[in-house]
Every structure is written in C-alpha cells, then in structure tokens.
Amino acid sequence: MRDGFAGRLNVYRTMAHHPALVRAWAPLREHVVLRNALGAQRSEVVILRTGHRLGAAYEWAHHVSRARACGMEDGRIASIAGPLADMTPEDAVIAGAVDALLDQHRLPPPDLAALTALVGVEGVFDVMATVGFYSTLGYIVATFQTPLDADVATELMERPLGD
C-alpha cells in the first residue's frame, strides 16, 4: 500500500500508525473517491463542503487542488464555502444535503427529494458515505495536526484560490 495511495499523502502517513485501519480503509476509499455514482465534480462539492464545515484545512486545500484538476473554476470552488444562495443551483442542493447531514444527522424529506432528483438513489448513498468518510479524515488530520503536503501547499501559495 505504501507504493499506492497510502504512500502519497500525509494523511495516510498519519493513518499508518494503525496499519489495520489503512488496509480496511482502502476498499471504501476506492469506492468513495474513484467509483461513486456522483462523478468527479459533484464528489468534490461534497468533499469541499464537508471539509469547510469541519474546519479541516488539510482536506479543503487538497480538494481545492483536486477540484481544479477535474475542471472546476476557482469562483465555483470558493462559493462552496459560502452561503447556499451564492452557489449554482446544483451545488446548493449537494451542499445543502451535506449541511443537513452534519447538522441534523439525516436528510429531511425535501432535501432527500431534491438530492434524489439530482443524483439518484445510489448518489444519495454516495453523498452520505462521502460525508462520513471525509468527516473521519477531518477528525484525523485535525487531531494529529497533519501537515499539508508540500505539492498542494506550493500550488496554493503560487495560485491562491480566487486568483
């Protein structure tokens, strides 16, 4: 696993203090990050909103970089940290679902209906799984003060969000 995803990022170097957890984590990571029903940009909206709401600077920074890499513009990325009214309608539905999950620990019927109409039933489950997955990562990086990876820190220093 050191030669794969677990050897590339500081968060997984932190998690390496519990090798059994990293091994168990890998299949869920494969689905949540790469094989979800949301697609790359919608997935990034979920992750960015979750990172923002948790105050997880590590996750926010990494996913600004990933969002850019999958074609999202800086203005759209920045909007995900703001009020729902300032987002595209689609992003507002997704971010509103993240907010409901974090605040109410469930999706109220109107949020569930709007999210299902947008991403389908499997997409709803993937939003929930992604919020849970990245909440756990947020707890880990905050608790163990995991430093930002050098390449992401350099990118954001050279090209701050909004420039």
Practice item. Identify which of the listed values of Kirkwood radius over Cα pairs in Å was calculated from the structure shown: (1) 16.1; (2) 17.6; (3) 17.0. Key: (1)
Review point. What angle, in degrees between 0 and 90 and rounded to the nearest 10, separates the Cα long axis of helix 19-29 from the longest principal axis of the Cα atoms of the chain?
Key: 30
Check your understanding: Going by alpha carbons, how many degrees (0 to 90, nearest 10) lie between the helix axis of 57-69 and the longest principal axis of the chain?
Key -> 70
**Study point:** Crossing angle, helix 40-54 versus the chain [Cα axis fit, 0-90 degrees, rounded to tens]
**Key:** 80
Review point. Relative to the present Cα-Cα distance, how much length would full extension add between A142 and D103 at 0.36 nm per residue of separation?
Key: 12.1 nm
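Within the chain, what is the longest stretch that has no trypsin sites (Lys or Arg not before Pro) placed in a DSSP loop and near at most 13 other beta-carbon atoms within 10 Å?
With a cap of 13 other Cβ atoms within 10 Å, the longest stretch comes to 36-105.
Under the definition of Cα pairs under 8 Å and six or more residues apart, what whole-number percent is the relative contact order of segment 92-141? Could the numbers behind the result be given before it?
Details: 23 pairs, mean separation 16.4, N = 50.
Dividing the mean separation by the residue count of segment 92-141 yields 33 percent.
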Check your understanding: Which value, in debye to the nearest 20, gives the size of the charge dipole of the chain about its Cα centre, when Lys and Arg are +1 and Asp and Glu are -1 at the Cβ?
Key -> 540
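Which of the GluC sites (Glu not before Pro) across segment 18-112 are loop residues per DSSP, with 16 or fewer other Cβ within 10 Å?
Details: sites: E30, E44, E59, E73, E90; in loops: E73.
Of the GluC sites (Glu not before Pro), the ones in loops of segment 18-112 whose Cβ has at most 16 other Cβ atoms within 10 Å are E73.
What is the calculated FRET efficiency for A85 to Q41, with r their C-beta to C-beta distance and R₀ = 25 Å, to the nearest 0.05?
Details: r = 20 Å, r/R0 = 0.80.
Working from the Cβ atoms, E equals 0.80.
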Revision key, fill the gap. Between M157 and V121, the two model label points (7 Å from Cα along the beta-carbon direction) sit apart by a distance in nm of 5.0
Check your understanding: Remind me, relative contact order of segment 5-158 in percent, using alpha carbon pairs under 8 angstrom and six or more residues apart?
Key -> 34
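None of the figures in this text is laboratory data; all of them are computed from the coordinates on show. It should be emphasised that the depicted structure is a prediction, and the values quoted were computed from it without experimental measurement. Neighbour counts run over all protein chains shown; Cβ positions are idealised from the backbone, glycine included.
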